[in-house]
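See structure below.
The values are calculated or read from the model by the stated rules, or taken from the named source; none is laboratory data. In this text, all values refer to a predicted model and were calculated from it rather than measured experimentally. When we count neighbours, we look across all protein chains shown, and the Cβ atoms used for this are built from the backbone with ideal geometry, even at glycine.
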Amino acid sequence: MPENQSLALRALRYAWPLIVPAGLLALLTLVVGTGDKTMTLVTTKMLIFVTLAVGVYIFSGNSGILSFGHMAFMAVGAYTSGLLTIPVLQKAALLPDLPGFLADAHLSTALAAIVGGLVAAAFAMVVAIPLMRLNGIAASIASLALLLVVQTVISNWESLTRGHSALIGVPVNSTVGNTLLVAVLAMAVAYVYQTSRRGLLLRASREDPRAARAAGINIYRERYLAFALSAFVTGVGGAMYAHYLGVMRPDAGFFLDPTFMVVTMLVVGGINSLSGAVLGTVVISAISEVLRRLASGEGGLKPGLQTVILGVFLLVMLITRPSGLTGGREVPFPRRRRRDAPTPGAPAGGDLQTANEQEAVT
Amino acid sequence: MKLVIQDVINAVSLGSLYALIALGVALLFSIMRLANFAHGEIIAVSAFAMLALSGLPVPVWILGTLAAGVLVALLMERIAFRPVRGKDMTTMLITAFAVSFAVKDLLLFSQGALPKPVRLPGFFSGTVEVAGLQIAANSLVSLAASAVLLTGLVVFFQKTDLGVQMRAAADDFGMARLLGVRANLLIAAAFAISGLLAAVAAILLVSQSGSVEPYMGFAPVIVGFVACVIGGMGSLKGAAVGGMLLGCLTVLLQATLPDGLAPYRDAFLYSLVIAILVVRPQGLFASPAVVEDA
């Protein structure tokens, strides 16, 4: 890397893999999210799922352990933020048995979302103590058990959540603007983490746990940190989701469907890169919306078939391109075109040179 | 005392049901490192087959249900799992996840989300009196079916060629293939057995609940997975023991939790499971190959 590069260029080069997807996402939001009411809602939901997918990516993408349990943190964030923002009088009517500090609490949505993320992170830091001791598939399954624990508790703790009677009255104020802001912030957190020393240590342990351990990396500690951070982001995403839905009921639609959607998004986009998480979310949201429109048309698709088609799509992706659309790579910084740049079909020597150059850049 | 004996019987019958489910999951995991999420959907499809066949004479009805389970398992293998065979564990896990959701939604779409009652033959309901104890008949059916199947599996694994090959493949699939084990046949057979176990589990589950619904496979497959994790992923013996342990813990919690906490039974159960894993993260009977992978 030449030393005479200006600081600005180096900063741009560093932030490039963040700026490009964030910029494209903002552009897409501007184009489709400012139209009619339906498109606004669809875009808002997509942006919330960008936050959720990025939240899961922070842990799963960097550690290589697929988590099926992150929607537990989404739910914790959602319920926390919901409980903190329902107007006090309405809360007294809905939930007469709330403990005093919760009954009187009324925060702004932004503050409540942050508190939701913090509560989710605190919860994650407790459950991570046993969970992060597990490896690979056992960890994935234990994370699913965690999801069930949380679902059971939320379904039955009626004095706090109203259980299956649904928590209503959560202010609906997730807009295209604030969800875009949260999504971009989530991406920034993910990018700073994955390029930080801690993130690199975890990524090293993903690539080769034995070598990483031999090099002195404490895998448990790195995973623990990533888990807490990703729970925070997922929790904030959950809070935004609560303020998008307005009504929360702890059923399969609230826990399992988002789990499936986020896993699909990450796998389709490419679970090992931030741009993959974002691209996957956009692609799957677009497909879902197209399917939904087909379903609502006369004599079109029946509604239940949407997930079937998404499932089949996921299968085809897994069979043909298991590393996702991005192949797990970030957006590369554009190289300056050189006069002697090899033209397509140039001799092998030219190709080799390009390959070496590319390696030097990344 | 009577209550205690009844609880013990319930515990063993639930434990053996869980062991059946866990074995179905563990069999595929031990041979091809596939954590088959879609096992729950094999259970659900078999249960809907039960519903569809419920007017027929009992033997036809049972055989039909078993055939449905085997058929669905074989179809899944051929369509979804064969193309990703040998890829890394996470890819196969997500594949299973995708199959699970696709099949579940196909059921939702074709059958609706509401539970549908199933008319069961008389011997499933009612109670039997043994030595002054009232025992639910379906506990006994469950016990008997599990005992027969578990014995059958032990005989299959110890005495038949295919069973021995399967154990060899579970130990070291590459080596087994080099020694002439036919991979496609073996894996298809493993799926068939897994489907059979799922169908039996479906019959037992429906005999307890009396109804079928598309989501019904989810909770059991989690139980099966968790049992495998407790027992040690990849160990058949571990899966059976893990299932039994989970069943016993469930009944124990049911019997001892105070009324206010009883709805949280599953939360306590899975928290206990996580506590077990703190002490033995590799499970009770870890298979060495899996520990090494980690």
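Structure summary
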{"quantity": "Failed condition for B:A219, given (1) within 15 Å of the chain's Cα centre (by Cα); (2) closer than 30 Å to B:F109 by Cβ; (3) crowded, with 16+ Cβ neighbours inside 10 Å; (4) within 14 Å of chain A (Cβ to nearest Cβ)", "calculated": "(3)"}
{"quantity": "Exclusive hit being closer than 24 Å to A:L180 by Cβ, surrounded by 14 or more Cβ atoms within 10 Å (Cβ to Cβ) and of a type in the set (D, E, K, R), set A:K45, A:K91", "calculated": "A:K45"}
{"quantity": "Region B:196-216, subset surrounded by 22 or more Cβ atoms within 10 Å (Cβ to Cβ) and within 14 Å of chain A (Cβ to nearest Cβ), residue nearest to B:K104 (Cα to Cα)", "calculated": "B:P214"}
{"quantity": "Qualifying residue in region B:58-78 (condition: under 20 Å from B:L205 (Cβ atoms) and among the acidic types (D, E))", "calculated": "no"}
{"quantity": "Qualifying residue in region B:161-170 (condition: away from chain A (no Cβ under 13 Å) and modelled with pLDDT under 80)", "calculated": "yes"}
{"quantity": "Region B:34-66: number of residues that are farther than 18 Å from B:P220 by Cα and assigned to a loop (DSSP other than H, G, I, E, B)", "calculated": "5"}
{"quantity": "Candidates B:V273, B:V241, filtered to the one that is in contact (Cβ under 8 Å) with a residue 40 or more places away in the chain, within 11 Å of chain A (Cβ to nearest Cβ) and within 18 Å of the chain's Cα centre (by Cα)", "calculated": "B:V273"}
{"quantity": "Some residue of region B:95-104 being out of contact with any strand residue (DSSP E or B) (no Cβ under 7 Å at 6 or more places or on another chain), at pLDDT below 85 and either in a helix (DSSP H, G or I) or more than 7 Å from every other protein chain (Cβ to nearest Cβ) (or both)", "calculated": "no"}
{"quantity": "Helices (runs of 4 or more DSSP H) enclosed by region A:155-215 - at least 3 residues per element that are modelled with pLDDT of 90 or more", "calculated": "A:176-195, A:197-207, A:209-214"}
{"quantity": "Qualifying residue in region B:69-83 (condition: farther than 30 Å from A:A138 by Cβ and either of a type in the set (F, W, Y) or surrounded by fewer than 22 Cβ atoms within 10 Å (Cβ to Cβ) (or both))", "calculated": "yes"}
{"quantity": "Count of region A:216-270 residues which are out of contact with any His (no Cβ under 6 Å at 6 or more places or on another chain), part of a helix (DSSP H, G or I) and within 30 Å of A:L200 (Cβ to Cβ)", "calculated": "32"}
{"quantity": "Some residue of region A:152-167 being surrounded by 23 or more Cβ atoms within 10 Å (Cβ to Cβ), touching a Ser or Thr at 6+ places or on another chain (Cβ under 9 Å) and under 30 Å from B:I230 (Cβ atoms)", "calculated": "yes"}
{"quantity": "Every residue from region B:67-94 that is in a loop (DSSP other than H, G, I, E, B) and not β-branched (V, I, T)", "calculated": "B:R82, B:P83, B:R85, B:G86, B:K87, B:D88"}
{"quantity": "Count - residues of region A:226-249 that are surrounded by fewer than 24 Cβ atoms within 10 Å (Cβ to Cβ) and closer than 28 Å to B:L108 by Cβ", "calculated": "6"}
{"quantity": "Subset of region B:230-249 (residues that are of a type outside the set (G, A, S) and closer than 17 Å to B:A11 by Cα)", "calculated": "B:V241, B:M244, B:L245, B:L246, B:C248, B:L249"}
{"quantity": "Residue ranges of helices (runs of 4 or more DSSP H) in region B:108-194 with at least 3 members touching a Leu at 6+ places or on another chain (Cβ under 9 Å) and closer than 18 Å to B:S209 by Cα", "calculated": "B:137-159"}
{"quantity": "Extreme residue, nearest to the other protein chains (Cβ to nearest Cβ), among residues of region B:253-270 that are surrounded by 18 or more Cβ atoms within 10 Å (Cβ to Cβ) and within 25 Å of B:A147 (Cβ to Cβ)", "calculated": "B:L269"}
{"quantity": "Among the candidates A:I284, A:I309, A:I219, residue that is at pLDDT below 90 and either within 14 Å of another protein chain (Cβ to nearest Cβ) or out of contact with any helix residue (DSSP H, G or I) (no Cβ under 6 Å at 6 or more places or on another chain) (or both)", "calculated": "A:I309"}
{"quantity": "Unmet requirement for B:R85, which otherwise passes all of (1) out of contact with any Phe, Trp or Tyr (no Cβ under 8 Å at 6 or more places or on another chain); (2) closer than 22 Å to A:Q306 by Cα; (3) not polar (S, T, N, Q)", "calculated": "(2)"}
{"quantity": "Test set (1) more than 21 Å from the chain's Cα centre (by Cα); (2) away from chain A (no Cβ under 14 Å); (3) closer than 26 Å to B:L63 by Cβ - B:Q111 fails condition number", "calculated": "(2)"}
{"quantity": "Restricting region A:95-135 to residues that are more than 27 Å from the chain's Cα centre (by Cα) and loosely packed, with under 15 Cβ neighbours inside 10 Å, the residue that is nearest to the other protein chains (Cβ to nearest Cβ)", "calculated": "A:D97"}
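Listed here are the residues, each with its yes/no results for (1) surrounded by 16 or more Cβ atoms within 10 Å (Cβ to Cβ); (2) over 30 Å from A:A142 (Cα atoms); (3) modelled with pLDDT of 85 or more; (4) within 21 Å of the chain's Cα centre (by Cα).
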| residue | (1), (2), (3), (4) |
| --- | --- |
| A:Y14 | no, yes, yes, no |
| A:L18 | yes, yes, yes, yes |
| A:S63 | yes, no, yes, yes |
| A:V76 | yes, no, yes, yes |
